[in-house]
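Undergrad: Just passing along the structure, written as C-alpha cells.
The values are calculated or read from the model by the stated rules, or taken from the named source; none is laboratory data. Since this is a predicted model, take the numbers as computed values, not measurements. Every residue, glycine as well, gets a Cβ built from its backbone with ideal geometry; the counts of neighbours run over all protein chains shown. With ligands, DNA and RNA removed, areas are computed over all heavy atoms of the protein, side chains included. Shrake-Rupley method; radii C 1.70, N 1.55, O 1.52, S 1.80 Å.
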Amino acid sequence: MQRVIEEMVKLRVGLSSEAQKMAEGLGGGKMLRAKLLLHIAPHHPLSPRIAAIIEFIHAASLLHDDVIDEARLRRGLPSVNALYGNKSAVMLGDILYSQAYSALAEHDPFLITTIAKAVVALSEGELADVRLSQEYHEDESAYMAMIEGKTAALIEATAVCGAFLAGLPIEPFALYGRNLGLAFQIVDDLLDVTQDEATLGKPAMGDLAEGKMTLPYLIMVQKLDDNEKVRFRALHSRALDQTEASWIKEIMLSRGVIDETTARIRWLGQQAMEALANAKIDDSLMAQLQKIMDAMTQREF
Ligand code: FPP
Ligand code: MG
C-alpha cells in the first residue's frame, strides 16, 4: 500500500497549496479499491498509479456526497464541507476528480473507458439516491439498482482494471467486483443501524434521518402491522430520539431483520466467489479475494 500512498502524494503535489491544504485530512479510509487492485494485479508496474487514481475519484465522490447528505463528519473527523463550506468542498471534489482524469489519460484506453463509465454510473446512482431519499418508498429493486451505481460500479471497475493489468479474464472479475460492492454498501447500511456514533465515525441511524430507505428498513417494513407502519412512516426523514431509535432496533433484532440482511450479504459474497470459481483462478489469488470479501462483509465500521 506504501506505493499507492506515494502515487497519491504525487497526484496531490500537482495541486495548488490551497487545495492541498483542504485535502490534508482526506485519506485514512479503508482504501478498499486500492487493496483490491493490488491484490488482483500485484506485479504490474502501473497498479499503484491506477489504484491512486481510483482512490482520488472515490475521495472526490465522497466530498460531493457529504455536501449532498449535509454530513458534518467523515471517518470521525469534520468533513471538508463542515470545515470549509459547501462551495469549497464541491470545488475540491472537482479538482481531485479532474486531477485523477488527467493522470488517467496517459494510460490504456481500456482503463480510461472502464473508469469513466463507472463514474457515470456512480453519479447516476447518487442521483437516484437523492431522488429515492426525497420520499418514503418500499421499492427494493430501486434500492438495489441505486447501490449498484452508487457503490458497486467503481468497485467493479477496479476489479476489471486489475484483471486487465494482470491478463486475467474480465467478466468473472467484473461479477466479483459488482457483488463485493453491493455487499459492501449493504454492510454500510446495516452498520448505520447497529453501531454507535463512536464506532461509525458519523452519526448512528443517519440514513433514516436523511430519508434513505436502505435494505434493513425495506426488510423491516414488511414485518410491521398497519399501526406499526403508521408509526414508522412518521419517523422517516427526521432525527430520532432515544425511544424511537430503540423501538426500531428492537424490531430489527426480534423479527430477524438483522439476520435477513446479514444472510443477503453472505449470499452476495457467495455469488462473487462463484463467479471466480467458474473461471479457474489460481488458489492463492482466490484465497486473497475471499479474504477481502470477508474483511469487507464482517467489518464493524
Ligand atoms: C456514499 O454513499 C457515496 C458514494 C459511494 C458515491 C457518491 C457519488 C457522487 C457524489 C457522484 C460524484 C462523483 C464524482 C467523482 C465527481 P452514502 O452516503 O450511502 O455513504 P456514507 O454514509 O459513507 O456517506
Ligand atoms: Mg453520505
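Undergrad: Packing-wise, with mean Cβ within 10 Å as the measure, how do 109-117, 225-233 rank, highest first?
TA: 109-117, 225-233
Undergrad: How much length would be gained if the chain were fully extended between HIS236 and TYR84, taking 0.36 nm per residue of separation minus their Cα-Cα distance, in nm to one decimal?
TA: Numbers: separation 152, 0.36 × 152 = 54.72 nm, distance 2.94 nm.
So the extension gain works out to 51.8 nm.
Undergrad: Additional query: Would you compute, for the Cα atoms of segment 244-301, the largest minus smallest coordinate along each principal axis and list the three values in descending order, in whole Å?
TA: Extents along the principal axes: 49, 21, 11 Å.
Undergrad: MET91 to ALA198: extension gain in nm, 0.36 nm per residue of separation minus the Cα-Cα distance?
TA: Difference between extended and current length: 35.6 nm.
Undergrad: Over its Cα atoms, what ratio of radius of gyration to 2.2 N^0.38 Å does the chain give?
TA: 1.01
Undergrad: Hey, with R₀ at 25 Å, roughly what FRET efficiency would GLU135 and LYS223 work out to, going by the Cβ-Cβ distance, to 0.05?
TA: Numbers: r = 21 Å, r/R0 = 0.85.
So the FRET efficiency works out to roughly 0.75.
Undergrad: Moving on to the next point. Under 10 Å from the Cβ of ALA51, count the other residues' Cβ atoms, weight Lys and Arg +1, Asp and Glu -1, and hand me the total.
TA: +2
Undergrad: From the backbone phi of segment 257-274, what are the Karplus-calculated ³J(HN,Hα) couplings (6.51 cos²θ - 1.76 cosθ + 1.60, θ = phi - 60°) in whole Hz, Gly and Pro given as x?
TA: Values, residue by residue: 5, 5, 4, 5, 5, 5, 5, 5, 5, 4, 4, 4, x, 5, 4, 4, 5, 5 Hz.
Undergrad: Skip the ligands, DNA and RNA, and give the accessible area per residue of the chain with a 1.4 Å probe, whole Å².
TA: 47
Undergrad: Still on this structure, I have one more. Find the all-direction average of the projected area of the Cα convex hull for segment 51-121, expressing the result in square nanometres with one decimal place.
TA: Average projection, Cα convex hull of segment 51-121: 4.8 nm².
Undergrad: Take the Cα gyration tensor of segment 128-248, multiply each eigenvalue by 5, square-root it, and list the three semi-axes largest first, rounded to whole angstrom.
TA: Numbers: eigenvalues 213, 48, 25 Å².
Working through the eigenvalues yields semi-axes of 33, 15, 11 Å.
Undergrad: Right, something else. In whole Hz, with x marking every Gly and Pro, tabulate ³J(HN,Hα) for segment 207-219 from phi via Karplus 6.51 cos²θ - 1.76 cosθ + 1.60, θ = phi - 60°.
TA: Computed from phi, the couplings for segment 207-219 are 4, 5, 4, 7, x, 8, 8, 7, 3, x, 5, 5, 6 Hz.
Undergrad: Points 7 angstrom from Cα along the Cβ direction at ILE112 and ALA287: gap in nanometres?
TA: About 4.0 nm separates the two model spin labels.
Undergrad: May I pose another question? First select every other residue whose beta carbon is under 14 angstrom from the beta carbon of GLN270; then total the charges, Lys and Arg +1, Asp and Glu -1.
TA: In short, +1.
Undergrad: Same structure, new question: Lys/Arg Cβ at +1, Asp/Glu Cβ at -1, dipole of the chain taken about the Cα centre: which of LEU182, SER17, LEU285 is farthest positive-ward?
TA: Going by the Cα projections, it comes out as SER17.
Undergrad: Turning to a different aspect of this structure: Between GLU6 and TRP267, how high is the FRET efficiency from 1/(1 + (r/R0)^6) when r is the Cβ-Cβ distance and R₀ = 45 Å? Nearest 0.05.
TA: Once rounded, the FRET efficiency stands at 0.75.
Undergrad: Then there is this: From zero outward in steps of 5 Å, how is the percent of C-alpha pairs of segment 1-158 spread across the bins?
TA: 2, 9, 18, 21, 21, 16, 9, 4, 2, 0
Undergrad: Any number yet on Rg/Rh for segment 187-278, C-alpha, Kirkwood?
TA: Details: Rg = 14.6 Å, Rh = 14.1 Å.
The Rg/Rh ratio comes out at 1.03.
Undergrad: Got a sec? Charge dipole of the chain, +1 on Cβ for Lys and Arg, -1 for Asp and Glu; which of THR243, VAL230, ALA82 is way out at the positive end?
TA: Projecting each Cα onto the dipole axis, the largest value belongs to ALA82.
Undergrad: Is the shape of segment 119-192 best called rounded, prolate or oblate, per the rule: a/c under 1.5 gives rounded, else a/b larger than b/c gives prolate, else oblate, with a ≥ b ≥ c the square roots of the Cα gyration tensor eigenvalues?
TA: prolate
Undergrad: Based on Cβ point charges of +1 for Lys and Arg and -1 for Asp and Glu, what charge dipole magnitude is obtained for the chain about its Cα centre, in debye rounded to the nearest 20? Don't jump to the answer; show the numbers that get you there.
TA: On the way: 30 positive and 42 negative charges, 136 e Å.
Magnitude of the dipole: close to 660 debye.
Undergrad: Tally up the carbon and sulfur contribution to the accessible surface of the chain as a whole percent, 1.4 Å probe, everything protein left in place. Please report the intermediate quantities before stating the final value.
TA: Values: 7590 of 14070 Å².
Within the chain, the accessible surface is 54 percent carbon and sulfur.
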